[in-house]
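Engineer: What follows is a single structure, and I will ask about it in a moment.
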Amino acid sequence: AGRAERLLLSRLFQPLNLQAGGEAGWDGGPGEPTCRSQRLMLQGGLIHPAGPGCYHYLPPAVRAMEKLVRVMDEEMQAVGGQKLNMPSLCSAELWRASGRWDRMGPELFRLADRHGRSYCLGPTHEEAVTELVAAQSNLSYKQLPLRLYQVTRKFRDEPKPRFGLLRSREFYMKDMYTFDASEEAARQTYDLVCDAYCSLFDRLGLPFVKVRAATGSIGGTVSHEFQLPADVGEDRLAVCPDGHFAANVETLNGEQTSCPTCGEKLTQTRGIEVGHTFYLGTKYSSVSNAVFYSPENKPRLAEMGCYGLGVTRILAASIEVLSTEDSIRWPSLIAPYQLCFIPPKRGSKEEEEGAALLERVYDDLAEALPHLAGDSVLDDRTQLTIGKRLKDANKLGYPYVVIAGKRVCEDPPVFEVWNQNAGEVLFLTKEGVIELLSKVQVP
């Protein structure tokens, strides 16, 4: 009666097309370049194209995204971040006041309401958040630092959206905006948030580099990008082989070919930008007059920083850098489901006993480790061989696969367990399976 419903693979809305090879017909016209993450996400039923640079995120992708956001929330709250949510519809007046209405050019989605007022769909929210803080008319230095962040849908009218979620027109971003009482305090905040980003990528097990970057249309004086090295990356990076120095090539003058610290020759690599941090100073607070009152009760402009992490881009980029050519590999923390159970084939001699034993493991596991109850899928396509279903599970990247195979009729029953990220196969009793999985973390 109190038992959790088993999640049956046949009931999940995850339209698999794991047999599809070839580049054409996936997304846009035939012969359009695709990349590994885009192909794997389409084949694995994670995304479905809705229009140029716009995707349906299907239920497994949403699960992965929600887990990723929970990890981001932990890291942001650890540095005093408070979560809010700002409108996608941003007033053109604010953007004109900051000068970005014209500077952003055609990348900005612009629209007018029925009263003829102009808006843009927010690609980022510096103007909006500064206006919000400026509206607090008696903000005291005692209330600073303020660290406000959101995770929302952002819009950019990309001229050539490509590579699936790596460069799309509609995407999710975590953006944090900080307000400090002095430049020194703002730079401390900057280092603190950069460290939180490093911690996030470390927890996900992603090989990132933090590089010096140009400030671009956001502005400010100091800026870094967090890059995942990948062939398909759009940024060119110059990196010291000993790790002393890394920069986006666009920030270097042509002569600089060696590390300023150790003199080693810089190597060039390509990267996918997954995070960007900016120290802004008073660039936006001066436009909106976002002030706080000092200990002497004098109004002072807040010193600002802004910090972005591409949520949907990190999803795609992590698949890009961790996966094999035909099998998704997730950062184990954010895999949509941690576990896949594969019962015996219909009509096999293990069928009855094996299916019952495997379901018991499923139920006992849900009871012993309730946090894994919603993270376990039972592949009930018993008309298919175990081998075929294991191959599919491998392609979809479940971190653990538990199989009722030949040895399930032994006494005690022995299950075959694939630990995908360690690349090992174990033969375990029910207690052994529960013991192994007790270490699994779900955010």
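Engineer: Using heavy-atom solvent-accessible surface (probe 1.4 Å) with all chains present, what is the largest-first order of SER88, SER323?
Structural biologist: SER88, SER323
Engineer: Against the empirical 2.2 N^0.38 Å scaling, what ratio does the C-alpha Rg of the stretch 60-322 come to?
Structural biologist: Working: Rg = 18.8 Å, N = 263, 2.2 N^0.38 = 18.3 Å.
Output field value: 1.03.
Engineer: What 222 nm value per residue comes from the helices of the chain, counting each DSSP H run with n ≥ 4 as -39,500 (n - 2.57) and dividing by all residues, nearest 500 deg cm²/dmol? Numbers along the way, then the final one.
Structural biologist: Working: 11 runs with 123 residues, N = 443.
Computed mean residue ellipticity for the chain: -8500 deg cm²/dmol.
Engineer: Then there's this: So if R0 is 45 Å, what FRET efficiency would GLU158 and GLU5 give, r being the distance between their Cβ atoms, rounded to the nearest 0.05?
Structural biologist: Given R0 = 45 Å and the Cβ-Cβ separation, E is 0.65.
Engineer: Compute the label zone of HIS244 within the stretch 261-296: residues whose backbone N is under 12 Å from the point 7 Å along Cα-to-Cβ.
Structural biologist: Label zone hits: 261-266.
Engineer: Please calculate how many Å² of accessible area the chain carries per residue, with a 1.4 Å probe and no DNA, RNA or ligand atoms counted.
Structural biologist: 45
Engineer: At 10 °C and 1.306 mPa s, what whole-number value in µm²/s does Stokes-Einstein give for the translational diffusion of the stretch 84-157, with Rh from the Kirkwood sum over Cα pairs? Spell out each step's value before the answer.
Structural biologist: Numbers: Rh = 13.5 Å.
Estimated via Stokes-Einstein, D reaches 117 µm²/s.
Engineer: Averaging the inverse of every distinct alpha carbon separation and then flipping it gives the Kirkwood radius. What is it for the stretch 232-355, in angstrom units?
Structural biologist: Here the Kirkwood hydrodynamic radius works out to 20.2 Å.
Engineer: Now for a different question. Among residues other than THR324 whose Cβ falls under 14 Å from its Cβ, what is the net charge (Lys/Arg +1, Asp/Glu -1)?
Structural biologist: On the way: positive: ARG36, ARG39, ARG329, LYS391, LYS395; negative: GLU320, GLU325, ASP326.
Spelling it out: positives minus negatives among the neighbours equals +2.
Engineer: At q = 0.08, 0.10 Å⁻¹, what log₁₀ I(q)/I(0) does a Debye calculation on the Cα points of the chain give, no solvent, two decimals?
Structural biologist: With no solvent term, the Cα-only Debye profile gives -0.55, -0.81.
Engineer: Also, quick follow-up: Rounded to whole Å, give me the distance from the Cα center of the stretch 165-192 to that of the stretch 315-342.
Structural biologist: 27
Engineer: Quick one: ranking MET41, MET104 by accessible area, 1.4 Å probe, largest first, what do you get? Please list the in-between numbers first.
Structural biologist: Working: MET41 0, MET104 30 Å².
Of MET41, MET104, the descending order of accessible area is MET104, MET41.
Engineer: Let me ask you something else. Could you tell me the ratio Rg/Rh of the stretch 168-258? Both radii from Cα atoms, Rh via Kirkwood.
Structural biologist: Using only Cα positions, Rg/Rh for the stretch 168-258 is 0.97.
Engineer: Over the Cα atoms, compute the radius of gyration (one decimal) and Dmax (the largest Cα-Cα distance, rounded to a whole number) for the stretch 289-416, in Å.
Structural biologist: 24.1, 84
Engineer: With 26 Å as the limit, write out which pairs from LYS345/LYS430; LYS349/LYS430; LYS174/LYS395; LYS67/LYS395 have Cα-Cα distances beyond it, or answer none. The partial results should precede the final answer.
Structural biologist: Details: LYS345/LYS430 20 Å; LYS349/LYS430 20 Å; LYS174/LYS395 29 Å; LYS67/LYS395 20 Å.
Flagged as over cut-off: LYS174/LYS395.
The values are calculated or read from the model by the stated rules, or taken from the named source; none is laboratory data. Please read all numbers here as calculations on a predicted model, not as lab measurements. Counting neighbours? That spans all protein chains shown, and the Cβs are built from the backbone with ideal geometry, glycine included. For the accessible areas, the whole protein counts, side chains as well, though only heavy atoms, and no ligand, DNA or RNA atoms are used. Shrake-Rupley method; radii C 1.70, N 1.55, O 1.52, S 1.80 Å.
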